[in-house]
1. Report P(r) for the protein assembly as shown: all Cα-Cα distances, bin width 10 Å, range 0 to the bin holding the largest distance, values in whole percent.
2. Roughly to the nearest percent, how much of the accessible area of chain B is carbon and sulfur, given a 1.4 Å probe?
3. Relative contact order (percent) for chain B, with alpha-carbon contacts under 8 angstrom and 6 or more residues of separation?
4. Measuring from the axis that superposes chain B on chain A, report the chain B residue with the minimal C-beta distance, rounded to whole Å.
5. Which of the peptides A:123-132, B:53-62 is most tightly packed, and how do the rest follow, judged by the mean count of other Cβ atoms within 10 Å per residue?
6. On average, how many beta carbons from a partner chain sit within 10 Å of the beta carbon of a residue in B:107-119?
7. If you put +1 on each Lys and Arg Cβ and -1 on each Asp and Glu Cβ, how big is the dipole of the protein assembly as shown around its Cα centre, in Debye rounded to 20?
8. Tell me the distances, shortest first, between B:Gly101 and the same position across the other copies, using label points 7 Å along Cα→Cβ, in nm to one decimal.
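The values are calculated or read from the model by the stated rules, or taken from the named source; none is laboratory data. Since the model is a prediction, treat every value here as computed from it, not as a measurement. Positions of Cβ are generated from backbone atoms using ideal geometry, with glycine treated the same way; all protein chains shown enter the neighbour counts. Areas reflect the complete protein model, heavy atoms only, side chains present, ligands, DNA and RNA absent. Shrake-Rupley method; radii C 1.70, N 1.55, O 1.52, S 1.80 Å.
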Protein chains: 2
Amino acid sequence: MSTSADINDIEEGLAFRPNFDASGLVTCVATDAVSGEVLMVAHMNDEALRKTIASGEAWYFSRSRKALWRKGETSGQVQRVVEMRTDCDQDAVWIRVEQTGAACHTGRRSCFYRAVTAGEGTVQLSFVDAERLFDPKDMYGK
Amino acid sequence: MSTSADINDIEEGLAFRPNFDASGLVTCVATDAVSGEVLMVAHMNDEALRKTIASGEAWYFSRSRKALWRKGETSGQVQRVVEMRTDCDQDAVWIRVEQTGAACHTGRRSCFYRAVTAGEGTVQLSFVDAERLFDPKDMYGK
């Protein structure tokens, strides 16, 4: 059980104690350091966190591939970390990054290229800021 | 198994098909519609998503309390949704919000009030934008 002293340490302390989930991951939000736009949401394990902090470039852990992953290793679309922050309960980090090219594997600057809007009794998506900076077929050969 | 046709539908389609995890949740990032600051990272289940879209105010699902939760119901610190977006694989949503007061239960505007920095062989936190807009003891009586 967490005591109120533990919670106070986590929320008000200056020790970094990432609160990994059952899979050993924290959530990471990457935003564009200039525009503030959310570029992507992904996950980091302990090693990805350490490598990101040490190198100043974003590393993630891919849940689907179950593998550590340096952002941009294949595509060249790296993220230089300007600032990292953690949240009150230390189960998420926010990185402000200088993004080379596109953050999204579909070739868009951001993964969030569709707006969600309520229609008549339904919910629909519409493309917003959805132009591609590269063709994923050329980039990844698929 | 997902086929490439499925993946194309999810990534390039205009049907909202949230990709809930094993607990029935998607990740939600809330940013300040004016400053772009990340205010919080939380989760939404199907009902929280529907209520958020229908009402234009943020509803979440609390994993610790296992309960639907209208943001600001106790504190008055509501979030009016200016825009909602979903990401390429539809397992996360981004809401740009007009935040009344403070998003964080500790009384800060944002939950991300500590920077993570590398020291000499160690990692430390430091307070950034950490002034409190309210005292949680007064707000929540604890």
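1. 6, 29, 37, 22, 6, 0
2. Values: 3380 of 6970 Å².
About 49 percent, which is the carbon plus sulfur part of the accessible surface.
3. Details: 258 pairs, mean separation 28.8, N = 142.
Once normalised by length, the contact order is 20 percent.
4. Checking which Cβ lies nearest the axis yields B:Gly36, 1.
5. Numbers: A:123-132: 13.9, B:53-62: 18.1.
In decreasing order of mean packing, A:123-132, B:53-62 become B:53-62, A:123-132.
6. Working: counts 0, 1, 0, 4, 8, 10, 6, 11, 5, 14, 4, 7, 0.
Taking the mean over all residues of the peptide, I get 5.
7. On the way: 34 positive and 42 negative charges, 50 e Å.
Here the protein assembly as shown has a charge dipole of around 240 debye.
8. 4.7
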